[in-house]
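Chemist: A single structure is presented below for examination.
The values are calculated or read from the model by the stated rules, or taken from the named source; none is laboratory data. Note that the coordinates shown come from a computational prediction; the quantities given were computed from them, not determined experimentally. Methodologically, a virtual Cβ is constructed for each residue, glycine included, from the backbone with ideal geometry; neighbour enumeration extends over all protein chains shown. What goes into the accessible areas is simple: the full protein's heavy atoms, side chains included, and nothing from ligands, DNA or RNA. Shrake-Rupley method; radii C 1.70, N 1.55, O 1.52, S 1.80 Å.
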Amino acid sequence: MSIKIYISGQYFDKEDAKISVFDHGFLYGDGVFEGMRAYSGKVFRLEEHITRLWESAKSIFLKIPGTPADVINAVNDTLKVNNLTDAYIRLIVTRGAGTLGLDADLCKEPQIIIIAAQLALYPSEFYEKGLEIVTASTTRTNAGMLSPQIKSLNYLNNIMAKIEGHLVGCVEVLLLNSKGEVAEASGDNIFIWKRNVLHTPPADAGILEGITRRVVLELAEELGMKTKEAPMTRHDIYTADECFLTGSAAELIPVVKLDGRIIGDGKPGAVMKKLLERFQQETRK
Ligand code: PXG
């Protein structure tokens with residue numbers, strides 16, 4: 001059975017789910033999105049994803065049709081229509097069809113698209129052995145150009161960085177900000193454990209403020225760990241006891257090597273494992 005895609009209030013078979021080539025989402029990457037995960041029929045932290053979507057849209061002058069409650073209902077309904085309980089959900093809001101020019105005022109009907117799909121997880125080997133990553137030469141988009149806090153449809157920055165990783169056999173990469181500080185991975189946030197403190201770069205380091213990142217900080221505090229959001233350098237990662245990435249799709253995934261330097265003992269660490277275990281209880285409760 002073909003999956004059903006939600007487009008602005010209607011469901012279409014995958015083959016018939018189409019958007020205008022005049023949509024500014026297609027022409028200019030003009031729109032915003034969310035990537036979410038459902039566990040046993042429940043979308044994890046759905047309200048937080050919807051809040052972030054509304055904030056991203058506000059920042060780019062995009063008025064999302066309907067209310068947050070309408071979009072929450074549409075997301076839940078799309079899962080039901082597709083008979084999915086454990087799934088990956090992509091929610092997209094585009095500026096809608098306009099002309100070939102840049103004028104956003106001519107885009108009268110923003111489109112809401114919801115795709116619920118089977119999960120395509122990283123192989124279990126990555127979790128057991130940990131990732132080896134490198135720093136990309138592509139730096140994270142500067143907030144003065146386009147705030148990385150906006151989850152916009154313009155992901156070329158992240159895509160180019162990820163291609164650089166693939167060229168040298170890495171599935172993920174580290175991006176620095178324009179000051180040379182650590183920002184994040186191409187589609188995940190980064191954490192280190194060093195001298196009994198859990199560190200992660202702050203929101204203004206040029207990152208997308210991940211929802212998984214926030215949950216991990218909360219859980220770490222509940223577990224009595226000391227946490228710190230402060231600027232981080234690559235040296236801090238090279239000399240950390242543990243390193244891991246966080247994201248809705250990956251959950252928590254260990255990093256054991258950066259730019260050829262082995263992190264800690266080169267194996268996924270005990271702190272990450274403990275946090276992943278707590279995270280999995282949280283998502284599956
Ligand atoms: N940084 C960036 C640049 C992201 O795109 C994260 C961090 C982690 O945020 P969350 O809220 O997920 O903890 C993201 C999220 C995909 C995909 O399909 C991308 C993300 C999430 C889920 C799937 O590549 N990015």
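Chemist: Report the paramagnetic label zone for residue 13: residues of segment 76-104 whose backbone N is under 16 Å from a point 7 Å from Cα along the Cα-to-Cβ axis.
Modeler: So the set is 82.
Chemist: Here's another thing I want to ask about it. I'd like the carbon and sulfur percentage of the solvent accessible area for segment 49-162, probe radius 1.4 Å, heavy atoms only, ligands and nucleic acids excluded.
Modeler: About 58 percent, which is the carbon plus sulfur part of the accessible surface.
Chemist: Further question on the same structure: Which residues does the label zone of residue 159 cover in segment 16-34, counting backbone N under 12 Å from a point 7 Å along Cα→Cβ?
Modeler: 26-30
Chemist: Here's a follow-up. Once Lys and Arg get +1 and Asp and Glu get -1 on their Cβ, which of 243, 137, 233 lies farthest toward the positive end of the dipole of segment 127-249?
Modeler: 137
Chemist: Whole number in Å², please: accessible area per residue of the chain, 1.4 Å probe, ligands, DNA and RNA not counted.
Modeler: On a per-residue basis, 49 Å².
Chemist: Using only the alpha-carbon atoms, how far is helix 270-283 inclined from the longest principal axis of the chain? Give it as 0 to 90 degrees, nearest 10.
Modeler: 30 degrees
Chemist: Picking from 124, 275, 215, whose Cα lies most toward the positive end of the charge dipole for the chain (charges on Cβ: Lys, Arg +1; Asp, Glu -1)?
Modeler: Checked the options; the winner is 275.
Chemist: A follow-up question, please. Over all directions, average the projected area of the Cα convex hull of the chain and note it in nm².
Modeler: Convex hull of Cα atoms, orientation-averaged projection: 15.1 nm².
Chemist: Moving to a separate point now. Between residue 239 and residue 204, how high is the FRET efficiency from 1/(1 + (r/R0)^6) when r is the Cβ-Cβ distance and R₀ = 22 Å? Nearest 0.05.
Modeler: In this case the efficiency is close to 0.40.
Chemist: If you average 1/r over all unlike Cα pairs in segment 25-113 and invert the result, what Kirkwood radius do you get in angstrom?
Modeler: Hydrodynamic radius (Kirkwood, Cα only) of segment 25-113 equals 13.7 Å.
Chemist: State log₁₀ I(q)/I(0) for segment 16-171 at q = 0.11, 0.15 Å⁻¹ as given by the Debye formula over alpha-carbon point scatterers of equal weight, solvent excluded.
Modeler: The computed values of log10 I(q)/I(0) come out as -0.53, -0.96.
Chemist: Given H placed on each backbone N at 1.01 Å, which residues far from residue 135 in sequence or on other chains put an amide H within less than 5 Å of it?
Modeler: Amide H neighbours of residue 135: 174, 259.
Chemist: Apply the a/c threshold of 1.5 to the C-alpha gyration tensor of segment 153-258 and tell me whether it is rounded, prolate or oblate.
Modeler: It comes out prolate by the Cα gyration axes.
Chemist: To continue, here is another question. Need the full-extension length gain, residue 72 to residue 282, defined as separation in residues times 0.36 nm minus the C-alpha distance. One decimal, nm.
Modeler: Contour length minus the Cα-Cα distance gives 73.6 nm.
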